[in-house]
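Encoded as C-alpha cells, the structure appears first; notes follow it.
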Amino acid sequence: MIRDTVSWASVERVRGQYDFSGSAVATLDRFCAGGGKITLTIVPKNALYDRGVSVYSADGQTGYANYLVALAERFGPCLSALEIGNEVNGGTTLDYPAGYDRATTYVSTLRTLHPRVKAIAAGVTILGGSTNAIGTGFLDSLFAVGMLSVIDAVAVHPYRSTPEGIDIEIGHLKDVMARYGTPKPIWATEYSFGLSNQREQAAALVKSVVQLYASGVTHANWYALIEQKTFPNMGLFVGQSPKMSATAFRMLQDKLLPYGAPVRIDTQGRPINLFRIGTNRWVVWGGDTVVNFGSGATVRDLLGNQLESGGRVVATTEPVIVENASSYALEDGSVVADSLYQFGLGNWSYLRRDKSGVETPLGWFDNDFTSYFGDRWSKPLRINNDSAATAGDAANPIRAVVRYMAPQTMSVDVGVCLSKTVGGDGIDYLVEKNGTPVTAGVLTNSAILAGMRMDLAPNDRVDVSFGPNKIAGTDALRYRIVIRRGGGSAAEVCSTNSF
C-alpha cells in the first residue's frame, strides 16, 4: 500500500468534468496493475467552489463529494481509503470564512460525502481527522460534533521527537474516543523521523512500528518513500538506493508483522520495552536490563543480521529481534529507573508547584497537537516524556516537577540531561531529595548533572523541577533522568538521539 494524492484542482478544471490524464495518475495505475493498494489524501479545495477555500457551502461540499465518487470509480478495487484533508488541525489548513466553526463545518463535509462514496464503493475506508501529530485535543472537538458516525477510521500523523510512548498516547486517544461511543480504528497515515544518522532513524522506525501495532494501529505509512529536498533525512531511499531504514522496513515485513500484533510485557518496573509477537518472537530495547531467552534463541539486530548472544540480550537504546524463544527471564541491570522508558508508569509522577510550595498532581491534558501532563490553569506548563515547559515568572513562578518515588531501599546515582534552545533568560532547575536541595542552577543551553549519589529508603522522593527563572518566555526544555544502581555516568545517555 502507498499513500499519495490526486488533487481535486488538477482533475476538475471545469465544473462536473474530470480529466484523469497525466503522469501522476499513470504512476498510480502502474502500481495498481501490480496488485498494490492506494490511500489517497484529498484536500477539500478547488477554485471552482467556495472561492478556493476549504469547502463550506452545500454546493462546495457536494462538489467535493462528487469528486471523491469519481476517484472511487476511476481506481476501483485498488483504492483502499480516502483521507479527508491533510493535517486539518493546522491553524490555516481549514480556512473557512469567519463565522464557520472548524469542527462543525469539517464534520458537515464528512456527513455529505460519506454516504455517497459508500454507496458506490462500500469497501473504501473514509478516514477523518488527519491530524499533524496525534492531536487528541483537536480530535476531541470533532468527536463532540458527531464525526464518529460519518467515518470508518481516524487518521493521525504521529510525528514526535522520540518513538517511545507513542502507544501510550494512542491508548489515551482511544479513551477519549470512547467517551462518544464505540471507538473507530486508528490509521497512522503519515509518520517518520528526520534523522541524519541512518542507524538511529532505522531504530526509530522499528520502535514506532512495534508500538503502533501493539496499540491497535493496523495501517501505517512511513513518510516518505524517497528522500526529498524539502524534508531531508526522512526517506527510505535516496533515489533508488535503499537506506538502513528501508532495510529495517523490509525486516519488519519479513520477520515480525506476519506473525501477529505485538503485546507489551510487564517487566516488573524495569526500564525496558519488551514485546511478544506470536508464540516465539520478541522485540526488546531500553535500559541495560538483561533478558535471557535461552540458548536456542536467534537474536537479530534491527537490520536482520544475526547476533552471537547465546540468547542473552542486554537491552540498549537500539531494538533487537528475538526468534525461536518460547519464554524469557529478566535479570537486573545497573539502571533502576529511566524517565523516558517509564513515562507515565510505575514510580514516576508529575506535578506543578506554586511559589508558596503547594504542589498539585497533573493529569493528561490535550491540546490541538499533543497530549501531556498538565492542566488548564497553568498553561503553558507541560511535561512530556522527553520535554517540559514552565509557567509564570519570578513574581509568580509555576514549576514543572518530575518525581521518582523509591520502591525499596537502595543506593543510587542520579543523572540528569538538560538542553534548551538559545533565548530568554534561562530556566532554573532544582534537584531535591525529600524536599532538600541537592543541586540547582540556571539552564541556558545544555547541562549534564551527574554523580548525585543518594541513599534512598522506600517512598523517598527524588524531584527534578524546572522554573521560569526571572522572565517568562522561551521556557521549554528537553530532559531525561536516569537513576543507576551502584554508580554510572549520565553522559552516555545524554549523547544518544533518545535525548
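The values are calculated or read from the model by the stated rules, or taken from the named source; none is laboratory data. Predicted model only: the values in this text are computed from it and were never measured. Positions of Cβ are backbone-derived with ideal geometry, glycine not excepted, and every protein chain shown enters the neighbour counts. All accessible areas refer to the heavy atoms of the entire protein, side chains included, with ligands and DNA or RNA removed. Shrake-Rupley method; radii C 1.70, N 1.55, O 1.52, S 1.80 Å.
Kindly indicate the residue of the range 226-285 that is outside any strand (DSSP E or B) and among the β-branched types (V, I, T) and also surrounded by the most Cβ atoms within 10 Å (Cβ to Cβ) among those meeting that condition.
T267
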| note | Log entry, pairs with first residue in the range 351-374 being more than 14 Å from L139 (Cβ to Cβ), second being crowded, with 20+ Cβ neighbours inside 10 Å and among the acidic types (D, E), beta carbons closer than 9 Å, six or more apart or on different chains, reads L351/D463; R353/D463; Y372/D366
| message | Looking only at helices (runs of 4 or more DSSP H) that lie completely in the range 1-89, which have at least 1 residues being farther than 23 Å from R111 by Cα? | response | 8-11, 23-33
| Criterion: open to solvent by 40 Å² or more (accessible area, probe 1.4 Å), farther than 30 Å from T390 by Cβ and small (G, A, S) - qualifying residue of G310, G304 | G310
| query | List pairs: first in the range 10-37 and farther than 19 Å from V124 by Cα, second open to solvent by 70 Å² or more (accessible area, probe 1.4 Å), Cβ under 7 Å, 6+ apart or cross-chain? | reply | V11/Y18; E12/Y18; D19/R13; F20/R74
| message | Against the definition (in contact with a strand residue (DSSP E or B) (Cβ under 8 Å, 6 or more places away or on another chain), in contact (Cβ under 8 Å) with a residue 40 or more places away in the chain and assigned to a helix (DSSP H, G or I)), how does L205 come out, yes or no? | response | yes
| task | For the range 106-124, indicate whether the set of residues that are assigned to a strand (DSSP E or B), crowded, with 17+ Cβ neighbours inside 10 Å and at pLDDT 95 or above is non-empty. | result | no
| Filter the range 377-395 for residues that are among the hydroxyl-bearing types (S, T, Y) and surrounded by fewer than 22 Cβ atoms within 10 Å (Cβ to Cβ); which is farthest from the chain's Cα centre (by Cα)? | S378
| note | By residue number, the members of the range 365-416 that are farther than 19 Å from Y429 by Cα, of a type in the set (V, I, T) and not in a loop (DSSP other than H, G, I, E, B) are V412
| message | Residue under question is V336, and the condition is that it be crowded, with 21+ Cβ neighbours inside 10 Å and touching a residue at least 24 places away in the same chain (Cβ under 8 Å); does it hold? | response | yes
| Quick check: is even one residue across the range 69-76 among the acidic types (D, E), open to solvent by less than 10 Å² (accessible area, probe 1.4 Å), in contact with a helix residue (DSSP H, G or I) (Cβ under 9 Å, 6 or more places away or on another chain) and touching a residue at least 12 places away in the same chain (Cβ under 8 Å)? | no
| field | Hits in the range 313-364 - residues which are hydrophobic (A, V, I, L, M, F, W, C), part of a strand (DSSP E or B) and farther than 21 Å from G286 by Cα | value | L351, W364
